[in-house]
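Trainee: If you scroll down you'll find the structure; I have some questions about it.
FYI, it's all coordinate maths here, none of it is from the lab. Everything numeric in this text was worked out from a predicted model, so none of it was measured. So basically every Cβ, Gly included, is an ideal-geometry build from the backbone, and we count neighbours across all protein chains shown.
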Amino acid sequence: MKNIRLSTGFAVLGCLLLASCYPVNENPNQKKVTKKAPATVATNPDPQKLKEQEALKKKEQEELAQNNPAGNTDPATQPAGQPKPPVESKTEYAFANKVPGKEGFVFSPYNNKVVDVRDIPTGTLVMDPTYPAAEKKFFRVP
């Protein structure tokens, strides 16, 4: 009889210890929030475009200042005899190639390594994660 009580006591103690380790939902009405892993290869094209545009404007202003020693930097008020500075075209970026049979994965156009671009819209400018940021290897999602 003593052995049965001892066994039952250990069984109850084991159940209590096991139940204390189980997480309890204190708010059953609250929905669970699942966190989505952030895409590490995506870059926001807007800040990059803004920096490029600002750099272009500064370069044009410097060229105008060099061409106009009188300080006339407004292109609308330039004399008709002076040519306007050439406008540089935007850099064209290569498009990646899709990986056959794997949706959301592409081959990098620079080294043909597989890059995860799930949940990134088509045409978005993406930085190649296989290169350091200093090399600035960008491509577009197909």
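Trainee: Where does each of 2, 136 land when they are ranked from fewest to most other beta-carbon atoms within 10 angstrom?
Mentor: 2, 136
Trainee: Given 0.36 nm per residue, what is the gain on full extension from residue 93 to residue 4 after removing their alpha carbon distance, in nm?
Mentor: Net length gain for the segment: 24.3 nm.
Trainee: Distance in nm between label sites at residue 48 and residue 13, each 7 Å beyond Cα in the beta-carbon direction?
Mentor: So the label points at residue 48 and residue 13 sit 6.3 nm apart.
Trainee: Once R0 is set to 25 Å, what does the formula 1/(1 + (r/R0)^6) return for the Cβ-Cβ distance between residue 59 and residue 135, expressed as a FRET efficiency to the nearest 0.05?
Mentor: 0.65
Trainee: Additional query: Based on the Kirkwood radius over alpha-carbon pairs, what value in µm²/s does the Stokes-Einstein equation return for the translational diffusion coefficient of segment 92-142 at 37 °C and 0.692 mPa s? All intermediate terms of the calculation are to be shown ahead of the outcome.
Mentor: Working: Rh = 10.8 Å.
Estimated via Stokes-Einstein, D reaches 303 µm²/s.
Trainee: Beyond a 25 Å Cα-Cα separation, which of these cross-linked pairs lie in this structure: 113/136; 49/136; 58/113; 57/113?
Mentor: From 113/136; 49/136; 58/113; 57/113, over 25 Å: 58/113; 57/113.
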